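Here is the structure we will look at, set down as structure tokens.
No lab work stands behind these numbers, since they all come straight from the coordinates. Note that the structure is predicted; figures quoted are calculated from it, not measured. Glycine also receives a Cβ, built like all others from the backbone with ideal geometry; neighbour counts cover every protein chain displayed.
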Amino acid sequence: MPASDPTFKITPSTTRLAAAEREKELKAIQFGRVFTDHMAVVNYRNGTWQDGEVKAYAAIPLSPAASVLHYGQAIFEGFKAYRQPDGSVSMFRPDENWNRFNRSARRLAMPAIPKDLFIGASEALVAIDEAWVPSGPGESLYLRPFMIATDPYLGVRPSETYMFLVIASPAGEYFPQGLKPVSVWVSKDYVRAAPGGTGEAKCAGNYAASLLAQAEAKDQGCDQVIWLDAIEREIIEEMGGMNLFFVYRQHGEPVVVTPALTGTLLAGITRSTLLDLAADLGLKAEERRLRLTDVLQDIASGAISEVFACGTAAVITPVGEIKGRGFAQVVNDGGNGPVAMALRDALLGIQRGTAPDKHGWMHAV
Ligand code: PLP
Ligand code: COI
């Protein structure tokens, strides 16, 4: 397979949804429930990536002994394609997702994928399923590239064969309640990631390990979990599928602060984008260690005026309340804050093509 010039055999689906049905789906989008007509598939064997195919979205053949099912060699990414004002479609920073995908692959002892293959597969899928890209405010086509280990072998070692796929799903708001502040539960009983572990990889196992705490959060009436560090159980890391920002007031001026990348949290692409956008908006931005006790005190005293979460799926979502065993702290009277909303508008403006893309983040399909 020539890395610089991947080929995708295009086999159009014969079971495509009729336009009327598709339009119906696009009128009531729920995150991650409906998939477009096609998927991209590329196999890896004999030490090389093979030519890819874009074909009808369907179940994939997998041996019950496939190592992904037993030992969890599985990684994924998530990025979005947006309808532009001229009707064209552009993807947001897919090269960053490709970079992170290969870092995750390395941590899970999986093969790296050439950039042209990763982006080419996504482009080919968006091109054939272009009619699925919605155009409403806050809407996009969510792309989910992933790789799984396919060797039918029960020995514990890296697989020698893999399947890389891209599927796509129209996306609106990630949280069913729309753009309303979420309440978050601080998990002290469970940890997401330890130093030297897989915390900064986007691997399936991290999400499996988070579900029990997420269920606990739901039981406590919260929408999401805040993860703390594994050692002190005091340093704020991130949420289940989002990074966190805190807006401090220093001499009356807002300063946006996000937990430093310690190797145990995901290096979010939205997080890094917001650090750049904050500078564009003339806001000071910092990355540093944040202790839960200090943060709770600073919210109570008004030194922190806003808390918000950010990620591809969730965009920017304000946090209205932080709860844990023995405490509950309301943030910003439980409302949407001006800094979060200004950053959200700046980000969505670039993604939707209504604001200039001066950083060159958009990738036309
Ligand atoms: N943290 C976790 C655990 C995530 O799953 C995600 C989502 O991808 C993020 C943070 C945010 O990352 P990004 O902004 O690249 O979507
Ligand atoms: C994303 O924002 O892309 C995520 O992966 C978060 C979640 C859906 C797992």
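Observations on the model:
- Residue under evaluation ALA230, criteria (1) within 16 Å of ligand 2 (Cβ to nearest atom); (2) in a loop (DSSP other than H, G, I, E, B); (3) of a type in the set (A, V, I, L, M, F, W, C), criterion not met: (1)
- Strands (runs of 3 or more DSSP E) wholly inside segment 62-137 containing at least 1 residues that are under 28 Å from VAL315 (Cβ atoms) and either among the charged types (D, E, K, R) or away from ligand 2 (no atom under 16 Å from the Cβ) (or both): 79-83, 89-92
- In segment 51-63, the residues that are without any contact (Cβ under 8 Å) to a residue 24 or more places away in the chain reach residues that are buried (at least 17 other Cβ atoms within 10 Å of the Cβ) with C-beta atoms within less than 8 angstrom, at least six apart or across chains, in these pairs: ALA58/MET39.
- Filter pass, LEU277 being over 23 Å from VAL339 (Cα atoms), aliphatic (A, V, I, L, M), out of contact with any Lys or Arg (no Cβ under 9 Å at 6 or more places or on another chain) and within 15 Å of ligand 1 (Cβ to nearest atom): no
- Taking the criterion of being outside any loop (DSSP other than H, G, I, E, B), closer than 17 Å to PHE164 by Cβ and not hydrophobic (A, V, I, L, M, F, W, C), the residues of segment 17-59 that qualify are HIS38, ASN43, TYR44, ARG45, THR48, GLY52, GLU53, LYS55.
- Filtered residue count, segment 228-267, keeping only those that are aromatic (Phe, Trp, Tyr) and either surrounded by fewer than 16 Cβ atoms within 10 Å (Cβ to Cβ) or under 14 Å from PRO195 (Cα atoms) (or both): 0
- Exclusive hit being under 30 Å from PHE101 (Cα atoms), in contact (Cβ under 8 Å) with a residue 12 or more places away in the chain and among the aliphatic types (A, V, I, L, M), set ILE269, ILE322, ILE304: ILE269
- Residue among THR150, THR161, THR198 that alone is more than 16 Å from ligand 1 (Cβ to nearest atom) and in contact with a Leu (Cβ under 8 Å, 6 or more places away or on another chain): THR150
- Annotation: of all residues in segment 242-295 being part of a helix (DSSP H, G or I) and among the hydroxyl-bearing types (Ser, Thr, Tyr), the one that is farthest from ligand 2 (Cβ to nearest atom) is THR293.
- The set of residues in segment 296-317 that are more than 16 Å from ligand 1 (Cβ to nearest atom) and part of a strand (DSSP E or B) comprises ILE304, SER305, GLU306.
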